[in-house]
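This report refers to the structure that appears directly beneath it.
Bear in mind that the values in this text are calculations on the coordinates, not laboratory data. Everything quoted here is computed from the prediction, not taken from an experiment. As a convention, Cβ positions derive from the backbone with ideal geometry for all residues, glycine included, and neighbour counts pool all protein chains shown.
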């Protein structure tokens with residue numbers, strides 16, 4: 001399934017773009033109204049023949065990116081503020097985005113190209129980022145790259161106390177349970193009451209792991225094995241919150257079993273959980289995606305989860321990933337927004353908001369050269 005994203009000043013204009021590009025049979029996957037106006041609509045076409053699906057499977061990553069880069073319009077971010085004019089959100093000291101050597105780098109196109117190549121970004125995506133970085137008149141490399149990333153990708157961090165439950169989904173080993181615990185820890189540190197629901201009845205030790213995090217954080221953890229049991233807990237939570245003070249801050253995180261998006265049965269099981277959680281509590285599904293994987297696989301994975309209504313993703317294992325090209329490719333193809341980044345195994349401060357500047361810092365931070373492997 002190929003997703004296309006259209007950005008317009010009104011929903012009517014966006015729908016006209018969808019029909020013009022995909023025809024009357026297009027299916028709207030998601031529609032989001034921007035904070036500063038405008039609408040972003042993601043659509044696809046269902047009912048394709050097996051020949052169509054075969055042709056798509058044979059497309060190269062370069063072909064997919066070329067289609068994506070050609071047909072998706074981009075917003076124009078504000079130029080980075082002068083240091084004396086930055087707000088707290090723009091201040092690199094507040095964001096802890098990058099070490100001092102990165103902050104001091106002057107803009108150099110060859111240096112930026114080398115950094116992006118080191119992270120194994122596809123050539124077409126490198127060219128697009130370089131073009132955007134050259135489009136802004138700023139002296140520092142990190143400022144130009146931050147601008148390009150903000151123009152190219154979406155960033156939408158999760159609040160500390162989400163209004164509705166956050167349901168985490170992803171591949172085996174992506175770090176869903178740890179991410180749920182980190183989100184809960186972040187809430188607890190800020191004085192927000194947090195709870196966790198584990199629906200993982202497949203992995204050995206899943207219940208014990210969730211319970212251990214609950215004990216450590218002194219929060220309630222429920223382990224359920226059926227949709228009805230999860231629905232009952234969420235229904236009771238909704239009723240309780242409606243009876244309490246409107247300004248009470250509370251957070252709920254749902255940990256799901258590992259999902260293989262390319263296995264119809266596994267994917268259908270997750271869809272049922274998402275549908276149930278949205279029905280009972282308007283829960284938001286969020287993808288947990290581990291960094292460092294193959295770009296094509298990560299792109300297809302993110303695109304598949306986007307068909308379930310996922311709009312944001314948490315990128316994990318950045319501290320052990322040598323290359324982030326797969327992460328950026330996945331975001332480009334799927335149009336998922338970067339929400340949080342995990343770059344430490346520790347619960348405290350374990351997740352940071354994904355911002356253009358912070359991502360630029362990870363891309364520009366010097367890494368040791370990988371050892372040469374003698375395969376002869």
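Simple spin-label model, 7 Å along Cα-to-Cβ: residue 193 to residue 241 in nm?
Simple spin-label model gives 1.2 nm for this pair.
How far apart, in nm, are two points set 7 Å out from the Cα along the Cα-to-Cβ line at residue 13 and at residue 28?
1.7
Let me see the pair-distance distribution of the stretch 200-275: every alpha carbon pair, 10 Å bin width, integer percents in order.
Histogramming the stretch 200-275 at 10 Å steps yields 15, 41, 33, 10, 1 percent.
Give the Debye-formula value of log10 I(q)/I(0) at each listed q (0.10, 0.22 Å⁻¹), with one equal scatterer per alpha carbon of the stretch 249-376, two decimals each.
Each listed q corresponds, in turn, to -0.37, -1.39.
For the stretch 166-364, build the convex hull from the C-alpha positions and give me its volume per residue in Å³.
Dividing the Cα hull volume of the stretch 166-364 by its residues yields 118 Å³.
Please work out the FRET efficiency for the pair residue 109 and residue 365, using the Cβ-Cβ distance as r and a Förster radius of 25 Å; give the result to the nearest 0.05.
That pair, residue 109 with residue 365, gives E of 0.85.
Please express the shape of the stretch 91-193 as an equivalent ellipsoid: the semi-axes are the square roots of 5 times the eigenvalues of the C-alpha gyration tensor, given largest first in whole angstrom.
Each semi-axis is the square root of five times an eigenvalue, giving 33, 18, 13 Å.
Based on the Cβ-Cβ distance of residue 266 and residue 319, what FRET efficiency does E = 1/(1 + (r/R0)^6) give at R0 = 30 Å, to the nearest 0.05?
With R0 = 30 Å, the Cβ-Cβ based efficiency is 0.60.
Take the Cα pairs of the stretch 155-201, get the Kirkwood Rh, then feed it into Stokes-Einstein at 37 °C and 0.692 mPa s and tell me D in µm²/s.
The diffusion coefficient I find is 282 µm²/s.
Taking the number of other C-beta atoms within 10 Å as the exposure measure, put 346, 213, 147 in order starting with the fewest.
Fewest to most other Cβ atoms nearby, the residues stand as 346, 213, 147.
Please report the projected area of the stretch 130-169's Cα convex hull averaged over all directions, in nm².
The Cα convex hull of the stretch 130-169, projected and averaged over all directions, gives 4.5 nm².
Quick one: pull the percentage of alpha-carbon pairs in the stretch 96-147 with a separation above 14 Å.
Above the 14 Å cut-off, the stretch 96-147 has 50 percent of its Cα pairs.
Rank the residues 129, 160, 254 as a footprinting-exposure proxy: fewest other Cβ atoms within 10 Å of their Cβ go first.
160, 129, 254
Considering only C-alpha atoms, what is the centroid distance from the stretch 99-138 to the stretch 303-339, in Å?
Here the answer is 20 Å between Cα centres.
Would you please give the FRET efficiency between residue 275 and residue 131, computed as 1/(1 + (r/R0)^6) with r the Cβ-Cβ distance and R0 = 25 Å, to the nearest 0.05? Each step should come with its number before you reach the end.
On the way: r = 41 Å, r/R0 = 1.63.
For residue 275 and residue 131, the calculated efficiency is 0.05.
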